[in-house]
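J.: My questions all concern the structure below.
Just so it is clear, none of the values below were taken in a lab; they were calculated from the coordinates. Keep in mind the model is a prediction, meaning the values are calculated, not measured. All Cβ positions, even for glycine, are placed from backbone atoms using ideal geometry, and neighbour counts span all protein chains on display.
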Ligand code: AMP
């Protein structure tokens, strides 16, 4: 991706101090989603991180990972699989607990959403502490998926999330 395009994406992200808790600088990506050109650029950049791979399933993490993940799946010609917060998926699930930059949570995946040996690309909007993505990696491993990479639109480098995911290839479009 060319520098001017990345610059435009970066300028569109809105920093919201103290949301949802004091001390958190929230990266609001809704201005990117609301602009058709910027949204398309973001999706192309995320899909490009896996251009050399065969991807069977894109796994998106609840909730902003659905927006990016579903569009990336279309771009790559892959299926889309949601990882949801506990209690939302209707079929047989695997569950993992994890801690967030602001709180605790549990996430789930349908046991039959990824077949053993299928190639998986995990997509989410933002890598902070890496707790969510680490739990997603465990869920996909538990049902036999092969993770080709994790691709994030934004990485908050100072939070060190990448270290928790060091067994996988981690790609990010914008880093702060
Ligand atoms: P983590 O598990 O700490 O890597 O947190 C990742 C998830 O929390 C991402 O899916 C984001 O949607 C959300 N998140 C965490 N920190 C922020 C932040 N500073 N700005 C926006 N979203 C955030």
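J.: Taking segment 43-71 as the region of interest, how many residues are part of a helix (DSSP H, G or I), within 16 Å of the ligand (Cβ to nearest atom), touching a residue at least 40 places away in the same chain (Cβ under 8 Å) and touching a strand residue (DSSP E or B) at 6+ places or on another chain (Cβ under 6 Å)?
T.: Summing the residues that are part of a helix (DSSP H, G or I), within 16 Å of the ligand (Cβ to nearest atom), touching a residue at least 40 places away in the same chain (Cβ under 8 Å) and touching a strand residue (DSSP E or B) at 6+ places or on another chain (Cβ under 6 Å) in segment 43-71 gives 5.
J.: Looking at segment 74-82, can you tell me whether even one residue there is within 27 Å of residue 3 (Cβ to Cβ) and in contact (Cβ under 8 Å) with a residue 40 or more places away in the chain?
T.: Yes - at least one qualifying residue is present in segment 74-82.
J.: Follow-up question, since we're still on this one. Give segment 100-120 a look and list any residue that's more than 16 Å from the ligand (Cβ to nearest atom) and either without any contact (Cβ under 8 Å) to a residue 60 or more places away in the chain or in contact with a helix residue (DSSP H, G or I) (Cβ under 6 Å, 6 or more places away or on another chain) (or both), or say none.
T.: 110, 111, 112, 113, 114, 115, 116, 117, 120
J.: Please count how many residues of segment 72-99 are in a helix (DSSP H, G or I) and either more than 16 Å from the ligand (Cβ to nearest atom) or more than 15 Å from the chain's Cα centre (by Cα) (or both).
T.: Result for segment 72-99: 4.
J.: Being buried (at least 20 other Cβ atoms within 10 Å of the Cβ), in contact (Cβ under 8 Å) with a residue 12 or more places away in the chain and more than 15 Å from the ligand (Cβ to nearest atom), is that true of even one residue in segment 121-144?
T.: yes
J.: Among the residues of segment 159-176 satisfying the criterion of being touching a residue at least 12 places away in the same chain (Cβ under 8 Å) and out of contact with any strand residue (DSSP E or B) (no Cβ under 9 Å at 6 or more places or on another chain), which is surrounded by the most Cβ atoms within 10 Å (Cβ to Cβ)?
T.: Ranking the qualifying residues of segment 159-176, first place goes to 164.
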